[in-house]
Amino acid sequence: MTTRSTRATMAKLLAVLLAFTLFAAACGDDGGEGAETDDVPTDADDVAGQNDETGDADFGTDDDPDTETTEPSPEDVPVRGGTLRVGVEAETDGLNPTSNNFAVSAYIMGYPIFDPLFYFDQDGNWFPWLAETATPSADFMSWDIKVREGILFHDGTELNAAALQANFETAITDPIISLAIVPSYPPENRTEVIDEYTLRYNLIRPNQHFPVGLSSQLGMVASADYLAAAAAEETLNQAPIGTGPYVLVDRDQDNVTVLERNENYWRGTDDLHLDRIEIYINTDTAIAAEQLGTDELDVVITSNPDATLTARGIDGVSTLEGLYSGEDFAMMNTSKPPFDDIRARQALTFATDREGYLTFIAQDTKPLADSMYHPDLKWNNPDVVQEGNMPELAAPLVADYCADVPEMCNDGKINMELQFSGPSVTQTRIMDLLEDGWQDYFNITRDLLPQDQHIIQTATGQWEVVTWRQFGAVDPDNEVVWLECATATGVISLNWPKYCDERRDELLFEQRATDDEARRIAIMQEIQADMNAAYTYIFFTHANWTFAIQDDVRNLCGQTGPGPAGAEDESITLQCNNQGRSFFHNVWLEDAS
Amino acid sequence: MRQLILQRLALLILVMFAVTIATFASINLSDTPLKNFIAAGAELDTNGHCDAIRAGEMDDTQQLGQNVGDCEYIDRIKAENNLDDDIFTRYGSWLGDIASGDLGTSTTSRLEVSSILKDRLPITIRLVVMTQIIAIGVAVPWGLAAAYRANRGFDRVSTFASFGLLSIPNFALAVILLYIFGIRLQWFPTRYSNNGWYDELKSLFIPAITLGVGLSATYQRLLRTDLITTLQDDFVHMARAKGMPDRHIMYRHALRPSMFSLVTVFGVNTGALLGGTLVIETIFSIPGVGRELVEAVIRTDPPVVMAFVAVIAAGFVIINFLVDLLYGWLDPRVRSS
Amino acid sequence: MSDMDAETTIVGADVDEMPDDAVEKELGIGFWVCIGWLATIGLVALLAPWLPVTSDGAQGGPREAPSMSHWFGTDANGRSVFDLTILGARTSLAVGLFAIIFGMVVGGSLGIVAGYFKGKVDAVIGFIFFSLLSFPQLVLALLIVNAFDQVSLFTVAITLGILAVAPVGRLARAATLVFAEREFVLAAKVIGAKHFRIIIRELLPNVLIPMAALGLLGMGVAIVAEGGLAFLGLSVDGGESWGITINDGRQSRDLQENPWVAMFPIGVMFLTILSLNFAGDRVREYFDVRETAF
Amino acid sequence: MADPQLSVRDLTVRFPTTRGTVQAVNGVSFELEQGQMLGIVGESGSGKSVTAKTLMNLLPRTAEIEGSVMFDGQDVRQAAADGRDHFWGVEMTMVFQDPMTSLNPVKKCGEQIAETIRYHLGQSKSEALAMAEDLLGQVGIPEPGKRVSQYPHELSGGLRQRVVIAMALACQPKLLIADEPTTAVDVTVQRHILNLLDSLREERGMSMILITHDLGVARGRCDDVAVMYAGRIVERSATETLFGDSRHPYTDALLRSIPRIDQPSHTRLDPIPGRPPELINPPVQCAYAPRCRYAQPDCLKSIPEAQGVEGMHEFACHHPANTDQGREALAANVAAGRNASGMPVAGYAGTGGF
């Protein structure tokens, strides 16, 4: 009926936008409303297997003295049984990877249900999981993905090329998910079934990194029968069917999602230690962290500094903190006044209280950021310095601007709108803090919007200043989409500030065309300098996605994916804490009975 | 009796109209992402590309950036959402759906509103019932004890205490109790859980206490005042003259005729609680009606908001009707008139 | 509309020779203590712009314990909780006062008109009141507040004022029904006084007394409701109120390590609500107004 | 002579209030023999009901009580202090003036009677209900079987008072106190009720105290009458003595206010000029003096002691009526046109025909 499909469309429209956002910024700090699909397939030119970057950013770091990590010791003997209770910050609209946008909480629920086609090892290199091989053509214009034989979905149907194709076709015709993939494919003949288990993907540009894109939501494969059913009955988006080690048995929205061991798992069930995984939604993550102390949860995943601090303070709980998970920043819309004028952008930047942000908001759980890369990462340009806390420099700029554009000023201050999402205590605190710094030079009107609307207004350019979280991708090529001129125009722009710089475009595409790492580093460093000079972003801090874990939870970072076909036992240790995402299939509880 | 029921039914229907129209109007006043999106599309289409595309003179994929932003897509969304219809037409179509038993689908989770309601309502009802049991369970003995020795030591202290309890904002109490009993003492869980009835009861206990404390003070005060009046009645003296023990007189004679105000306020509060648990549900992460409603309002999910508000308002009317029936039980004089 | 506002008759106790212990009525010292507290808070709120208090910028480090320089300590953003409490009083009291005045003006007028004219007018107004009451209160507030782009003090006050209309109105109606039958009103009718004149001269002064008692209680309710909205994150944008400050300091970590952020405003709010409740109750008792259902 | 069944000695009841202490009952003494009927007569505020409520242990806890009350050799005040069970309701009981309010409106009549029986006599519910039905028959209620399951509001005033009486008699009390049992019922049923009480008393050999403001009601029923004024018994004697030869000017005035003394009055007392005195800090004088046609200056100086024949005819007056002393005082006041406290005094229109 009409109304239903309408609403569906509307919801999809929303989700589309979410799909684009690497952000969580706004809200991530507080209640993790964040949607992060950073693995947007792009025509990256890194060749499979040559991925020697060690940019496995999201790893337990040792640069923070407070951080403890749980390292599995060889003597540890797995204990079978028990229920792992995981707390996440937000609910997800659904768990159908071809039509729901996946944020952290969806990945937490989704990875155990769906095996991905590819994933990353400890060094950040991709390896095939459901896939057996990934074979590019000589010009990297097409890739043949062959899946392992004999794998069954939870509904008993077989994983084969047809299933793969069904997933791809559903995703690319879905208004949401298609946005992320359509640009990389030709209008016709996007996929071809080569044989029972092999599907060919045809691209419009050479891409050496194609499998990377199939490590996330887009690489999760659902049963074809299920997808057909879900297309007809949308509530099935809450009851996904995959091939994974755990099966969804119950889902009570906004409360708990329950998974149980898949006794027919294709890799065998010997290493699936947990009987059951329960994922709880708790929008107040500081309370969620307390629930570790009260033994109501075993693991809490959060980006909220208060929660991180709470977890650090609980006996018997350790934290696994990832500081390469992106950056928190404010940005300005350069497509309309006042921030089309660099003087206004500079004034705002100079007046920003970054030190206050570090002290009051981040509470030293995450370091100040100067650019889109953490200093530990090779891509970082150490010469770039994010300005701020220099209000004295703002005054002449504002006076100057107001003399030229009096209609944008009142009482010698520039009028601006500060848009943020909420309601959220942390967001409000951030706004209070920023406003304290800015209000001497700007007349600030606040615009508090619900998450969805905040994203839409931002994507459609109906904003002046927002706070955001973004970047942090393993490969810099994945950042191109946020920075290129092509996405600075249109109804929806992924280049949020709508800032187009021809020179930067050239650099971005040069980077994409080469596999010379030194050159790529040089390019990225230059781009960081350009971004800094354009005054479109005001970086605050690097983000910190924290896993807070009870000590009896073992092996979070020792989990493995399948080895090469025919040698599945030669399992590969997985990357741990990937921007708040994790698997749980090899985890065990020390005190499970 | 039949007339009373018919009258109440008419009232119920009228109230439903008033409440849903008001809700529909206010939820449609809110900006929705959709409206903003279409507005953005229209803003960018100043040079009339969409008209050109509609006329088939232009290839739509080249215009307006991304494919979702294309004209066809915008047109389709507008049509599907009846955005060109006026608000009355849209309200009418909502009513039509309701009349045919279709509460619609959430605009975000795409779940049937009826199934969301089926999940949420029982939890809130259980919370409200627990709250009222606690409130009444405390208030009745307390009111009896206070009225029994009115204006004496216990009564004075209890009057003071009741003012105190009445004056604690329940969100503040929630925060304090959650901290003390959930986190420090760990006697009760800090969030809703429902592994069996005992588990659920336990997890709803502190929220119910939080809501019940203020209510019990309200009830106690009403009951005490009425009891003091009743205790001056001759039939109470008569009962004493008959040598009935005090306990018997308090419970069997004085209590029932003194419950009118209490029952009235009890009814009003039960109705009000159905829609009044939202702050507590938010604080204690209880997936009940209130929390869902808050979230639905914030994310602008009209079908959910409409259905939930309608159910709560209906509950209010029905409970008040039941209270009217209860008067009859309390006092046979009402019954016969 | 319903039986809820039916006047309950107090069964006359046969006190016969028993001395009537109805002491000479007085408001009592408690009442004046409460009024004193309210006056102090009100005065401080009124004078806040001229007091050395500010919510702009950090006054100290984050979450500093109470000290001589920050009597109530500082919050997570390093702002003085004492200052926030004073500035919050401005919002909370203004919202409470405005809401109840709105409720008294609108609800009171409707209630008196309904009670005076009775009949169809009464039925219509009674229906409006009943509908307003059957609307879940905070949800109604939520809907109204959500419909505004920018939540200002005025928005919140009007919203809570709308909530106050029905309870105040029903009380005014019930009181009017009683007084409309009294001799002085009947006498005025007999001598042909105009309706408007009767309402203003004869009814209003009498109906105002119970309304004033309810007004004090209602102001407390409005202040708490504002706090509730703040807890849902929907109070005044960028403003300070007790609810907002309490909400800022309510997380368990705050309660454990820096309870002052939430506890001081809770204490001040509690005392204020207590004073309003107590003073309202005394006024009610003083003028012998029966405790009402709402 | 054996001890009387009920003996009240120097009963004093005070109520502390914020304005001062109310002297509700002041040194009241009287006796009642088994099977006899005593009338206590007085205006509102004379202390008659307080006296009755003292016997019934119905006074508020704030009341300060002195003196002794003995019933059948048992100390009633001690029983009250001990919270004795099965004393009130079994030994003695009371009927109140207003049957509309003395029945619990929310309980069925039968139930209200039965609960007493069940509690005191330990009968089962059905037995008690059967007994209740029987009692209703005894007090002359038609169709008792139907009445048992009716609510009080479904009965007429007269029937209700009969239900109250049945309720009071449920446990065969030895003493029944009837506090203005007919004031609230219809004129036509007053006599029926009084006669019913009288015959029940005789049947059961029960003692009774009839409290009334109407001397006419007492006449012909009561063996003795005590007249109370301002918390004191001002005159006490056998009924016939009182009617024939009253001594206290107050009694005299009461008698004069009854137009036809040989018929039960259905009119209220004609008001005696003035109002009963304040009971808080009363001046040391005869309380009746301000309203007394006989009052002389000495009446304003001291409270008259009881005189006359103890146990037969006692009165407390400096200038008793129907004595020479009284006649002199009255004549002097009539001559002066006013009494000692300034109240205007005129001669009676007719001579008293007693």
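Beta bridges per DSSP, both residues in segment A:327-542: antiparallel share near 60 percent. Note: relative contact order over segment B:113-335, using C-alpha pairs below 8 Å and six or more positions apart, is 27 percent. Among A:HIS542, D:HIS86, D:HIS319, the ranking by other beta carbons within 10 Å of each residue's beta carbon, starting with the fewest, stands as D:HIS86, D:HIS319, A:HIS542. The orientation-averaged projection of the convex hull spanning the C-alpha atoms of chain C amounts to 19.7 square nanometres. Dividing the Cα radius of gyration of segment C:26-81 by 2.2 N^0.38 Å, with N the residue count, gives 1.52.
Legend: Rg and Dmax of segment A:327-542, from Cα coordinates, 16.9, 54 Å. Going from the residue with the fewest nearby Cβ atoms within 10 Å to the one with the most, C:LEU217, B:LEU4, B:LEU144, B:LEU325 rank B:LEU4, B:LEU325, B:LEU144, C:LEU217.
Note on the protein assembly as shown: semi-axes of the ellipsoid equivalent to its C-alpha gyration tensor, largest first and rounded to whole Å, are 85, 34, 29. Straight Cα distances below 24 angstrom link D:LYS146 to the lysines B:LYS242, D:LYS107, D:LYS108, D:LYS125, with same-chain residues fewer than 8 positions distant left out. Within chain D, the cysteines lacking any other cysteine Cβ closer than 4.7 Å to their own Cβ are D:CYS109, D:CYS171, D:CYS222, D:CYS292, D:CYS317. Averaged over peptide B:275-286, the number of partner chain Cβ atoms lying within 10 Å of each residue's Cβ comes to 5.
Helices in the protein assembly as shown, meaning DSSP H runs of at least 4 residues, each add -39500 (n - 2.57). Divided by all residues, the mean residue ellipticity at 222 nm is -14000 deg cm²/dmol. Taking the charge dipole of the protein assembly as shown about its Cα centre, with +1 at Lys and Arg Cβ atoms and -1 at Asp and Glu Cβ atoms, the residue from D:GLN23, D:GLN36, D:SER46 reaching farthest to the positive side is D:GLN36. Annotation for segment A:223-256 versus segment D:152-215: alpha-carbon center distance of 81 Å. Computed about the Cα centre, the dipole magnitude for the protein assembly as shown is approximately 11840 debye when only Lys and Arg (+1) and Asp and Glu (-1) carry charge, each at its Cβ. Considering only D:PHE96, D:PHE15, D:PHE315, the mean-square fluctuation computed in a Gaussian network model of chain D, springs between alpha carbons under 10 angstrom, is largest for D:PHE15. DSSP beta bridges fully contained in chain D are about 65 percent antiparallel. Segment A:519-585 and segment A:356-392 have Cα centres separated by 19 Å. Fewest-first ordering of A:THR536, A:THR573 by other beta carbons within 10 Å of each residue's beta carbon gives A:THR573, A:THR536.
Taking the DSSP beta bridges with both ends in the protein assembly as shown, the antiparallel portion is around 70 percent. Ranking A:PRO112, B:THR264, B:THR277 by Cα position along the charge dipole of the protein assembly as shown, where only Lys, Arg, Asp and Glu carry charges on their C-beta atoms, puts B:THR264 farthest toward the positive end.
Each 10 Å bin from 0 upward holds the following percent of the Cα-Cα pairs of chain A: 3, 18, 29, 27, 16, 5, 1, 0.
Taking a ≥ b ≥ c as the square roots of the eigenvalues of the Cα gyration tensor of segment A:545-593, is the shape rounded (a/c under 1.5), prolate (a/b larger than b/c) or oblate? In terms of gyration-tensor shape, oblate. Taking one quarter of the surface of the convex hull spanned by the alpha-carbon atoms of segment A:286-352 gives a direction-averaged projected area of 6.6 nm². Of all the options C:LEU143, C:LEU177, C:LEU271, the one that moves most in a Gaussian network model of chain C with Cα springs shorter than 10 angstrom is C:LEU143.
Readers should treat all values here as calculations from the given coordinates under stated rules, not as data from a laboratory. Predicted, not measured: the structure shown is a model, and the values here were computed from it. Backbone-built Cβ (ideal geometry, glycine too); neighbour counts: all protein chains shown.
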